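What follows draws every value from the coordinates through simple rules; no lab data is involved. It should be emphasised that the depicted structure is a prediction, and the values quoted were computed from it without experimental measurement. Here the Cβ positions follow ideal geometry from the backbone for every residue, glycine too, while neighbour counts run over all protein chains shown.
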Amino acid sequence: MRVLLDTHILLWTAIIPRKLPSELRKLLDTPGVELMFSTVSIWEVAIKQSQRRPDFQADPVALRNGLIARGRIELRVSGEHAVAVAGLPMIHRDPFDRMLLAQAMVEGAELLTVDADLARYPGPIRAF
């Protein structure tokens, strides 16, 4: 099973694991689960950290390096991902989240999120 972590779950996994719901922790620790993170999330952290957002106070370089060191798979943005965004209805306006969903759809992964608005999309999303 392939899973793509949304940005908040990614941050919690790397920095504040106690914030992860227990059901999500179990899933992340399941053998055979392929954990992916997107360059979109690193970009979002870089932008929002520079805006001094309190929920995004992570060094994007250290975050990315730590994820790679722990064997997480980095999913880069492709033209196919960008085109897939065009087919999404405007349920959620956040461009970062919309790209994460498009990537999950194209890559055959399940997007894991804590965002109730994002979870309203049909498709490969699991909300916690």
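Here are some notes:
- Relative contact order (percent, whole number), the chain, Cα cutoff 8 Å, 6+ residue spacing: 30
- Prolate/oblate/rounded label for the range 2-127 (Cα gyration tensor, a/c 1.5): rounded
- Each Cα pair under 8 Å and six or more residues apart adds its separation to the average, and for the range 38-93 the resulting relative contact order is 38 percent.
- Between PRO95, PRO21, PRO54, the residue with the greatest mean-square fluctuation in the GNM of the chain (Cα pairs under 10 Å linked by springs) is PRO54.
- Considering helices alone, the calculated mean residue ellipticity of the chain at 222 nm is -13000 deg cm²/dmol, with DSSP H runs of length four and up weighted by -39500 (n - 2.57) and normalised per residue.
- Cα centroid of the range 46-75 to Cα centroid of the range 90-128, whole Å: 19
- Qualifying trypsin sites (Lys or Arg not before Pro) for the range 1-36 [loop in DSSP, other Cβ within 10 Å: at most 16]: none
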